[in-house]
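S.K.: Right, I'll just put the structure down here and ask away after.
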Amino acid sequence: MTKANLVDEVMRVVELPRKDSETVVDIVFESIVKSLRAGDKIEIRGFGSFRRRERKARVGRNPKTGERVEVPAKTVPYFKPSKELKDLVKGTTQHPAGTSSASAPA
């Protein structure tokens, strides 16, 4: 699914004009990024949580030459899916609307 597909889905479900649907999607993404930059954890019940993870500096290897390369420490975003999302993806749980995830359109 792309951002454009997500905007189309918001348009269809909420019956908003395209421009308003795009604004809604942009605000959600911007809010997540803003919270992560501030070091906050974002938790969306039934979906999952976003947080930051600190990666330590390490020594890696250039796959082409095999040469050792210093990889600096960095902060990366991390998503942890909820149990409900995992079950929906596996197809062992029904969607809230009552349709099986296996029969949901892609």
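Values in this text are rule-based calculations from the coordinates and carry no lab data. Fair warning: this is a prediction, and the values are worked out from it, not measured in the lab. A quick note on method: Cβ atoms are made from the backbone with ideal geometry, for glycine too, and the neighbour counts reach across all protein chains shown.
S.K.: In whole Hz and in residue order, list the ³J(HN,Hα) couplings for region 67-83 that follow from phi through the Karplus curve 6.51 cos²θ - 1.76 cosθ + 1.60, θ = phi - 60°; x for Gly and Pro.
M.R.: 5, 6, 9, 6, 9, x, 5, 7, 10, 10, x, 9, 10, 10, x, 6, 4
S.K.: Compute the separation of the alpha-carbon centres of region 1-19 and region 35-93 and state it in Å as a whole number.
M.R.: 27 Å
S.K.: Once you've got the GNM for the chain with C-alpha springs shorter than 10 Å, pick whichever of R68, R52, R18 has the biggest mean-square fluctuation.
M.R.: R68
S.K.: Using Cα-only point scatterers and the Debye equation, what is log10 of I(q)/I(0) for the chain at each q in 0.13, 0.22, 0.24 Å⁻¹, rounded to two decimals?
M.R.: Values, matching the q order: -0.74, -1.20, -1.25.
S.K.: If you put +1 on each Lys and Arg Cβ and -1 on each Asp and Glu Cβ, how big is the dipole of region 9-67 around its Cα centre, in Debye rounded to 20? Working shown, then result.
M.R.: Working: 15 positive and 10 negative charges, 126 e Å.
For this selection, approximately 600 debye.
S.K.: Taking R0 as 25 Å, what FRET efficiency do you get between E30 and R68 from their Cβ-Cβ distance, rounded to the nearest 0.05? List each step's numbers first, then the result.
M.R.: Numbers: r = 39 Å, r/R0 = 1.56.
Calculated transfer efficiency: 0.05.
S.K.: Report, to the nearest 10°, how far helix 3-14 tilts away from the longest principal axis of the Cα atoms in the chain, using its own Cα long axis and a range of 0 to 90°.
M.R.: 30 degrees
S.K.: Now, a different point. Taking the Cα centre as origin and putting +1 on Lys and Arg beta-carbons and -1 on Asp and Glu beta-carbons, what dipole magnitude results for the chain, to the nearest 20 debye? Walk me through the intermediate numbers first.
M.R.: On the way: 22 positive and 14 negative charges, 174 e Å.
Using Cβ point charges on Lys, Arg, Asp and Glu, the chain gives about 840 debye.
S.K.: Under 5 Å between amide H atoms, partner at least 5 residues away or on a different chain: which partners does F47 have, H built in plane at 1.01 Å?
M.R.: S82
S.K.: Over the chain, what is the relative contact order in percent, taking alpha-carbon pairs closer than 8 angstrom and at least six residues apart? Don't skip to the answer; put the middle values down first.
M.R.: Numbers: 114 pairs, mean separation 18.2, N = 106.
Relative contact order of the chain: 17 percent.
S.K.: Which ³J(HN,Hα) values in Hz, rounded to whole numbers, follow from the phi angles of region 86-94 under the Karplus curve 6.51 cos²θ - 1.76 cosθ + 1.60, where θ = phi - 60° and Gly and Pro get x?
M.R.: 4, 5, 5, 5, 6, x, 8, 10, 7
S.K.: Hey, another quick one. Tell me the angle of helix 18-37 to the major Cα principal axis of the chain, expressed in degrees between 0 and 90 and rounded to the nearest ten.
M.R.: Once rounded, one gets 40 degrees.
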